[in-house]
1. If you line up the long axis of helix 234-243 against the longest principal axis of the chain, both from Cα atoms, how many degrees apart are they, to the nearest 10?
2. Please give the FRET efficiency for residue 376 paired with residue 344, using the beta carbon to beta carbon distance and R0 = 45 Å, rounded to the nearest 0.05.
3. Modelling each spin label as a point 7 Å along the Cα-to-Cβ direction, I'd like the residue 248/residue 142 distance in nm, to one decimal.
4. Let me have the relative contact order for the range 144-252, percent, based on Cα pairs under 8 Å that are six or more residues apart.
5. Rounded, prolate or oblate: which fits the range 22-65 when a ≥ b ≥ c are the square roots of the eigenvalues of the alpha-carbon gyration tensor, with rounded for a/c under 1.5 and prolate only if a/b beats b/c?
6. Modelled label-to-label distance, residue 59 and residue 207, 7 Å Cα→beta-carbon offset: nm?
7. Once you have the Cα-Cα distance between residue 115 and residue 310, take 0.36 nm times their residue separation minus that, and quote the gain in nm to one decimal.
8. How tilted is helix 44-53 with respect to the longest principal axis of the chain? Cα atoms for both, answer in degrees (0 to 90, nearest 10).
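Bear in mind that the values in this text are calculations on the coordinates, not laboratory data. For clarity, every value in this text was computed on a predicted model and none was experimentally measured. Neighbour counts are summed over all protein chains in view; Cβ atoms, including those assigned to glycine, are modelled from backbone coordinates with ideal geometry.
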């Protein structure tokens with residue numbers, strides 16, 4: 001056993017004890033956050049202006065409407081479809097004999113009503129060429145290998161690509177909602193050069209979202225992403241801005257403030273706030289998600305709301321063209337809630353898409369063995385690392 005749990009018991013016990021001692025303090029902070037949320041209900045314009053002028057090191061959501069508004073779900077249509085994609089991948093492994101990576105996309109289309117049906121599929125794709133393994137800046141020798149975090153972004157692009165394919169294949173009369181697991185915001189792109197963002201975002205993720213938007217010109221096929229048990233504090237941070245006595249908030253100068261009113265609710269998560277405020281099945285007001293990368297989203301700028309389920313709060317993100325259309329937004333709310341009630345507080349379509357996409361540890365081992373055997377058949381040298389060979393050998 002590599003991990004010595006006997007040396008961890010005291011540390012884990014101490015952690016649990018510390019959490020218990022802070023429980024009352026955290027409950028008091030939550031109570032204050034709820035009170036501030038309600039106090040800002042008629043202060044939308046002033047709050048939005050203050051947030052816009054603020055300079056903070058923490059992400060602050062911009063409210064679109066009264067911050068404490070809540071909405072009941074509408075009745076679901078008699079006939080509807082929910083479609084979803086999810087993905088997994090095998091990363092480039094420099095210890096293996098071949099330089100390649102694999103992305104597996106699971107897709108699901110669930111039809112409800114008089115013609116109930118389910119169509120499930122998985123689409124694996126192996127990437128092996130120089131053009132696939134790196135993104136090259138045109139006119140230069142600068143390149144960015146597609147691996148690690150960038151491969152995760154590439155997978156998100158392929159999930160959106162497949163979602164657009166599914167949307168295009170739906171009947172014209174179909175009312176449907178498309179779902180992706182996780183955020184619509186490609187946060188990690190901020191760490192990469194401009195030419196990478198252009199390929200992955202403008203020519204990739206946003207291009208496919210735009211294809212879906214065009215389908216919605218005469219159809220009802222909104223899309224959304226689903227984040228289970230979110231840890232974001234964007235809305236609470238907006239309330240911290242509201243609490244600050246300064247006209248223009250500058251978090252780098254907080255040390256000059258003697259009262260530090262904003263600290264009264266620091267540490268509270270959005271999910272705790274809205275789990276307290278919302279009734280089961282209700283959704284919160286709309287907010288615009290803060291991120292520098294959002295400046296490039298245009299008509300696809302991401303909005304979000306929180307949805308209360310029986311046992312948790314989910315964060316639902318939608319493109320701007322969905323957020324600004326009441327009927328499409330209501331359809332997202334209604335059908336996502338319906339999916340969660342059918343699937344133990346998690347959308348059935350996403351759960352099934354995950355099952356079709358998942359790559360197990362045994363799958364990964366079999367994949368690399370298949371790669372090696374294929375190289376042998378082609379009489380190619382197998383030049384895997386000594387480290388990799390060592391892992392396959394028991395020495396003690």
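1. 30
2. Step by step, r from the Cβ atoms, then E = 0.45.
3. In this crude spin-label approximation the distance works out to 3.2 nm.
4. 35
5. Because a/c hits 1.5 or more and a/b fails to exceed b/c, the range 22-65 counts as oblate.
6. Roughly 2.6 nm, to one decimal.
7. So the extension gain works out to 67.3 nm.
8. Value to nearest ten degrees: 60.
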